[in-house]
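Worksheet: one structure, shown below.
The values are calculated or read from the model by the stated rules, or taken from the named source; none is laboratory data. As the structure is a computational prediction, the values presented were derived from the model and not from experiment. Quick reminder, even Gly has a Cβ in these numbers, built from the backbone with ideal geometry, and neighbours come from all protein chains shown. Ligands, DNA and RNA are stripped out before the accessible areas are found, and what is left, the full protein with its side chains, is counted by its heavy atoms. Shrake-Rupley method; radii C 1.70, N 1.55, O 1.52, S 1.80 Å.
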Amino acid sequence: MAPQGLHFLIPLMKKRHIQKLLLLSLFLLIAFNIPILLLFNSAQAVFGIPVILFYVFSVWLASALISFLIFKKYNE
């Protein structure tokens, strides 16, 4: 029987790494929720980029860096 979801990673990863990734996922779920996104929907710009796009790509970049750090510590 094939593993379902990410349960096959649980024995390999420490519980604290799994908890960090779960918290990051919940943060992203909230950060990319439509009511939160609409808070940044304005005609203003940051460095010539619309605020909503700056917000989306900033959150995405931050989450990618945090995930990288978590997995880097996992592999040590």
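Laid out as a table, the results:
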| read-out | value |
| --- | --- |
| Residue, farthest from the chain's Cα centre (by Cα), within the range 51-76, restricted to residues that are closer than 28 Å to R16 by Cβ and of a type in the set (V, I, T) | I70 |
| First in the range 20-33 and under 13 Å from F71 (Cα atoms) and outside any helix (DSSP H, G or I), second anywhere and open to solvent by less than 90 Å² (accessible area, probe 1.4 Å) and modelled with pLDDT of 95 or more, Cβ under 9 Å, 6 or more apart | none |
| Subset of the range 16-44 (residues that are exposed (fewer than 13 other Cβ atoms within 10 Å of the Cβ) and either in contact with a Leu (Cβ under 9 Å, 6 or more places away or on another chain) or within 26 Å of Y74 (Cβ to Cβ) (or both)) | R16, Q19, L22, L23, S25, L26, L29, I30 |
